[in-house]
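J.: First the structure, then my questions, so here it is.
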Amino acid sequence: MMRCYHCGQEWQGEPRPGFNATCLKCEAYLYCCLNCRFYDEASSRGCRLTTTEPVRRKDHPNFCEEFKFVDRPSEWSPGDKAKQRDAAREKFDQLFKKP
C-alpha cells in the first residue's frame with residue numbers, strides 16, 4: 001500500500017503522484033524522498049541509487065526521475081522507525097553501561 005510517510009494515510013492516487021501532490025489528511029508532500037522506495041537514511045546521500053542528484057530536504061518535493069512510491073504494509077505506522085531506533089539504542093546502551 002502507498003502510505004504517507006508523515007501520518008500513514010493511504011494514497012489512492014496514481015503510483016507516481018504529481019510534483020506538488022499532498023496527503024489529504026496531513027498535507028505533507030507525497031513526491032519526496034521519504035515516500036520513495038530508494039530512500040535509505042543509512043546511505044551518505046539518503047538514496048540507494050548513485051545516479052540521482054543529492055537532495056537536501058527529504059520531506060519536500062524534488063525533481064528526481066527515479067521516484068517510486070514505497071510499498072508499506074497495512075499495519076505500518078509512522079512511528080515504527082523511531083521505535084526500532086530507540087530499541088536499538090537502548091540495547092546498545094545496556095551492552096556498554098558501566099557496572
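The values are calculated or read from the model by the stated rules, or taken from the named source; none is laboratory data. Just so we're clear, the structure is a prediction, and the values are computed from it rather than from any experiment. Cβ coordinates were reconstructed from backbone atoms using ideal geometry, including for glycine residues, and neighbour counts include every protein chain displayed.
J.: Quick check on Pro54: is it loosely packed, with under 10 Cβ neighbours inside 10 Å and over 13 Å from the mean Cα position of the chain (by Cα)?
T.: Yes, satisfied.
J.: Of the residues that make up segment 30-41, is at least one touching a Ser or Thr at 6+ places or on another chain (Cβ under 8 Å) and either crowded, with 18+ Cβ neighbours inside 10 Å or hydroxyl-bearing (Ser, Thr, Tyr) (or both)? Can you show your working first?
T.: We begin by selecting, within segment 30-41, every residue touching a Ser or Thr at 6+ places or on another chain (Cβ under 8 Å); these are 30, 38.
Now narrow it down to the ones that are either crowded, with 18+ Cβ neighbours inside 10 Å or hydroxyl-bearing (Ser, Thr, Tyr) (or both): 30.
Yes.
J.: Same structure again: Please go through (1) under 13 Å from the mean Cα position of the chain (by Cα); (2) farther than 19 Å from His6 by Cβ; (3) charged (D, E, K, R) for Glu66 and return the number of the only condition it doesn't satisfy.
T.: Evaluating Glu66 over (1) under 13 Å from the mean Cα position of the chain (by Cα); (2) farther than 19 Å from His6 by Cβ; (3) charged (D, E, K, R) leaves (1) as the failure.
J.: Hey, another quick one. Within segment 33-42, can one find any residue that is basic (Lys, Arg) and in a helix (DSSP H, G or I)?
T.: No.
J.: Could you list, in sequence order, the residues of segment 64-84 that are at pLDDT 90 or above and part of a loop (DSSP other than H, G, I, E, B)?
T.: Matches in segment 64-84: Cys64, Glu65, Glu66, Phe67, Lys68, Val70, Asp71.
J.: Would you call Cys33 closer than 21 Å to Lys81 by Cβ and touching a Lys or Arg at 6+ places or on another chain (Cβ under 8 Å)?
T.: Spelling it out, Cys33 is indeed closer than 21 Å to Lys81 by Cβ and touching a Lys or Arg at 6+ places or on another chain (Cβ under 8 Å).
J.: Looking at Glu27, Glu14 in this structure, which one is part of a loop (DSSP other than H, G, I, E, B), at pLDDT below 90 and of a type outside the set (A, V, I, L, M)?
T.: Every option except Glu14 fails the conditions.
J.: Checking the structure you have, find out if any residue of segment 85-96 is in a loop (DSSP other than H, G, I, E, B), in contact with a Cys (Cβ under 8 Å, 6 or more places away or on another chain) and not hydroxyl-bearing (Ser, Thr, Tyr).
T.: no
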